[in-house]
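Down below is the structure, laid out as structure tokens.
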Amino acid sequence: MNVPDLYLDDIRNQELPHLQHLIQHASVGAMNMKTGGRNTLSNSYATLGMGSRAVSPTNEMFYHAVEQVEDQEEEPVTAGVLYARRMGETFSSQSIVYPGLMNLIAENEKNTYVVKPGILSESLRRHGYATMVLGNLDEGKKPVRYAPLITMDRRGVTEEGDIGENVLVQDLDRPFGVKANYQRIGQQLLSWHKPGLAVVDLGDLYRLERVGHTMSPLLQDRLRMRILQELDDFLGQMVQKMDKHQLLVLTSSGSGSSQKEGLQPILFYQKGTDFRLLTSSTTRRTGIVSNIDLAPTLLTRLGITVPKGMMGLPMNSIPGSIKDFWNTVERVESIYNLRPSVLYSYILLQITVLLTGLIFILKNGKGRGWMESVLLAVMLAPFIFLVFSGMTAHSWWLFSGILVVSGLGLAFLLTRISTLSLFFWTGLFVFLPVVVDGLMGGPLIQQSFLGYDPIKGARYYGIGNEYMGVVLGSSILASAAWLEKREVVTRWLRWGVGLFFFFLLLFFAAPFWGTNAGGALASAVGFAVAYLRFFQKRWSTGLFLKAVGLGLIGLLLLVVLNSWLPGPSPSHIGRALADLREGDFEAVLRIIHRKLEMNLKLLRVSSWGKVFLLSLVAMAILSFRPAGGLKLLMRRYPQMFNGFAAILAGALAAIVFNDSGIVSAATSIIYVVMPFMIIAIREWSDAWEKASRPDG
């Protein structure tokens, strides 16, 4: 049963007794609604029904075969005639047909995800199960019908159902003058005794949201409550007449008006069960699932193997409390609401600090004390994001205050120590908590403003691209500073650094830890360059072959971990490797295309792209003005120079290998440009001032 514009807040409404009964005895989750395109209702229904991030034309509708429709090219004809004209197939006169099927197929062929229209119904039919659809979202006489995207077969046909004007009743007090005919829908649903899937689409809340902005707020709230009570009564009647073998699934496909992003409610109810929380291998988050998981879950419940065309994974019910569920939802929504402001402020701060630091350095490093602290605070910020985000998710001002006070306070203390010790401890402060948190399952990363977002749905677990760049940059920085202080390089030292880099590579690649394939490949490049530059004086053919060998070892490690040791569920890279083994090159090519497309988009529009490019410009200026900064760095701190080169190599590799690589590149390059500026302010201002004099 799908109810667009039913929100999570609605299902906790104590004035809806039947819904409250459902929650107490159902498996409950908050569902991410990411689709293959824009956040539209048509895309949402298509994604729910196809188990992959699909798209669907908003102007193509379903009809009963005998309904009259407007053909753009000819006089009005029945939907059956129009369908036959376009598809050349016959069907029952009682069928529900989709004349726009070829447009749907064409839209998804341009999509970067593998989508197979009708895959759910085809899987059900092969195992003897039927499908039926009831209800619509019609706006008066205007058809709005997307629910058959869930029940249609590969031909775009649903053999049974009622989506026409009979499932509505006239009511002049309601938006568009109609409301759901609950009596007729209930009778048809209860009289359908075939084993299979029946989809009920209830559109009264959708219709209200479509015109709500034209109504007085008081009337809108009153009418919304009345619609919810009618829905609650209908649910009570259906639950009362269910038997223990039937499963009721209550979902919301999103909003029909503003289409704001957000988690939507999903409930699985069966008589005789108690409250549990939903989760899935897609999200690995208790209480949070994805819309692509619905179709695989329905098939699994019926004992049907999930077909290859679905990218979602079955949901599971696990023990939990309703209090924990609401706490999780509130924390996720708070972080989501504040994240744009927090990250934009942080990025703006980085840009400001970069420009200000560059100006101060070019003016011979005056203002050293406070400028050092500010530069160092920017480097320490990811650590503060990790520790304090979850505790301050409800207040931008509180988090900003903690960020500034903690960052500057810690930076002020660290600036008291020598340059190399400063960089070693800063790097250690930053990467070590992130790695430890990742080894523990990422409880802090999951609720960090610099982490990932279940509402956006790009990532649900692992280290994420932001912190991948942070760990890459800060770990190499700490290693370079530590090696710079070593007068003698022993074999044990080489082994220690090599094992350290290998462990971090393992951390990135493992599907049960970092789960970041692009990060593993980028770090293989960065760590290989770092190791070779730290311990090899000259480049040669042999050295080049060693670098290639290290890169291949990293790739092999990634393949082995995600193929042989996938953990409790396969990661996205594990599934891509499975596609490759099975010869499904189309799926792999789509993944590569999606990554390239995302990076190009982020480079054009993302603020992270501006940070990365500005950092490159600042480094270029510091290398040559006012008096050979790069030569001074190489002469005074050769291992730091090697570390900076390695971080830059890893950052560039991240752009190539990650779907949001520009983000990783921007967060890693901080640990080049900021230390470079600190060295310039601390040690080179006098030398530059002397070189800048006319007699210098």
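The values are calculated or read from the model by the stated rules, or taken from the named source; none is laboratory data. These numbers were taken from a predicted model, which means no experiment stands behind them. Because the Cβ atoms are built from the backbone with ideal geometry, glycine has one as well, and the counts that use them run over all protein chains shown. Side chains included, ligands, DNA and RNA excluded: accessible areas come from the protein's heavy atoms. Shrake-Rupley method; radii C 1.70, N 1.55, O 1.52, S 1.80 Å.
For segment 189-246, filtered to residues that are closer than 13 Å to K179 by Cα and among the hydrophobic types (A, V, I, L, M, F, W, C), the residue that is farthest from the chain's Cα centre (by Cα) is L223. F360 meets each of the listed conditions (1) at pLDDT 90 or above; (2) in contact with a Gly (Cβ under 6 Å, 6 or more places away or on another chain) apart from (1). Within segment 481-497, can one find any residue that is under 21 Å from the mean Cα position of the chain (by Cα), in contact (Cβ under 8 Å) with a residue 24 or more places away in the chain and more than 29 Å from A680 (Cβ to Cβ)? No - not one qualifying residue is present in segment 481-497.
Candidates in segment 440-478 are the residues that are open to solvent by less than 10 Å² (accessible area, probe 1.4 Å) and either among the polar types (S, T, N, Q) or free of Cβ contacts under 8 Å to residues at least 40 places away in the same chain (or both); of these, the one that is farthest from A520 (Cα to Cα) is S448. Of the helices (runs of 4 or more DSSP H) contained entirely in segment 1-120, those carrying at least 2 residues that are surrounded by fewer than 23 Cβ atoms within 10 Å (Cβ to Cβ) and among the aliphatic types (A, V, I, L, M) fall at 8-11, 17-25, 79-87, 101-109. Restricting attention to segment 308-343 and to residues that are farther than 27 Å from S400 by Cα and among the hydroxyl-bearing types (S, T, Y), the residue that is modelled with the lowest pLDDT turns out to be S321.
Of the residues making up segment 141-157, those that are crowded, with 24+ Cβ neighbours inside 10 Å and closer than 17 Å to L299 by Cβ number 4. Going through (1) closer than 30 Å to N39 by Cα; (2) surrounded by fewer than 19 Cβ atoms within 10 Å (Cβ to Cβ) one by one, K485 falls short only on (1).
Checked against the criterion of being over 21 Å from V77 (Cα atoms), in contact (Cβ under 8 Å) with a residue 12 or more places away in the chain and out of contact with any helix residue (DSSP H, G or I) (no Cβ under 6 Å at 6 or more places or on another chain), the candidates A130, A106, A180 yield just one match: A130.
The set of residues in segment 239-263 that are open to solvent by less than 40 Å² (accessible area, probe 1.4 Å), at pLDDT below 95 and outside any loop (DSSP other than H, G, I, E, B) contains only V239.
For segment 126-140, enumerate the residues that are open to solvent by 10 Å² or more (accessible area, probe 1.4 Å), in a loop (DSSP other than H, G, I, E, B) and under 19 Å from P4 (Cα atoms). If the condition is that a residue be open to solvent by 10 Å² or more (accessible area, probe 1.4 Å), in a loop (DSSP other than H, G, I, E, B) and under 19 Å from P4 (Cα atoms), then G140 is the only one that fits.
In segment 417-428 there is at least one residue that is in contact with a Phe, Trp or Tyr (Cβ under 6 Å, 6 or more places away or on another chain), of a type in the set (A, V, I, L, M, F, W, C) and within 25 Å of F644 (Cα to Cα). Condition check: in a helix (DSSP H, G or I), within 32 Å of the chain's Cα centre (by Cα) and either of a type in the set (K, R) or surrounded by fewer than 20 Cβ atoms within 10 Å (Cβ to Cβ) (or both). Does R184 satisfy that? For R184, the condition - in a helix (DSSP H, G or I), within 32 Å of the chain's Cα centre (by Cα) and either of a type in the set (K, R) or surrounded by fewer than 20 Cβ atoms within 10 Å (Cβ to Cβ) (or both) - is not met. If only residues of segment 664-682 that are modelled with pLDDT under 90 and touching a Ser or Thr at 6+ places or on another chain (Cβ under 7 Å) are counted, the one that is nearest to F423 (Cα to Cα) is I679.
Can you pull out every residue in segment 193-222 that is under 23 Å from P143 (Cβ atoms), open to solvent by less than 80 Å² (accessible area, probe 1.4 Å) and of a type outside the set (G, A, S)? Working first, answer last.
Let us first name the residues in segment 193-222 that are under 23 Å from P143 (Cβ atoms), namely 197-214.
Then drop every residue that is not open to solvent by less than 80 Å² (accessible area, probe 1.4 Å), which leaves 197-209, 211-212.
Hits for segment 193-222 are L197, V199, V200, D201, L202, D204, L205, Y206, R207, L208, E209, V211.
Within segment 194-226, which residues are in contact with a strand residue (DSSP E or B) (Cβ under 8 Å, 6 or more places away or on another chain), farther than 30 Å from R126 by Cα and not in a loop (DSSP other than H, G, I, E, B)? Spell out the reasoning first.
First, pick out the residues of segment 194-226 that are in contact with a strand residue (DSSP E or B) (Cβ under 8 Å, 6 or more places away or on another chain): 194-204, 207, 210.
Next cut, farther than 30 Å from R126 by Cα only: 203-204, 207, 210.
D204, R207, R210, listed by residue number.
Those residues that are open to solvent by 10 Å² or more (accessible area, probe 1.4 Å) and closer than 28 Å to P57 by Cα, I need them from segment 163-177; list them, please. Selection gives E165, N166, L168, V169, R174, P175, F176, G177.
What number of residues within segment 145-173 are of a type outside the set (G, A, S), out of contact with any His (no Cβ under 9 Å at 6 or more places or on another chain) and within 14 Å of L202 (Cα to Cα)?
Narrowing segment 145-173 to residues of a type outside the set (G, A, S): 145-146, 148-155, 157-160, 162-163, 165-173.
Checking which are out of contact with any His (no Cβ under 9 Å at 6 or more places or on another chain) leaves us with 145-146, 148-155, 157-160, 165-173.
Now narrow it down to the ones that are within 14 Å of L202 (Cα to Cα): 145-146, 148, 165-169.
Of the residues in segment 145-173, 8 are of a type outside the set (G, A, S), out of contact with any His (no Cβ under 9 Å at 6 or more places or on another chain) and within 14 Å of L202 (Cα to Cα).
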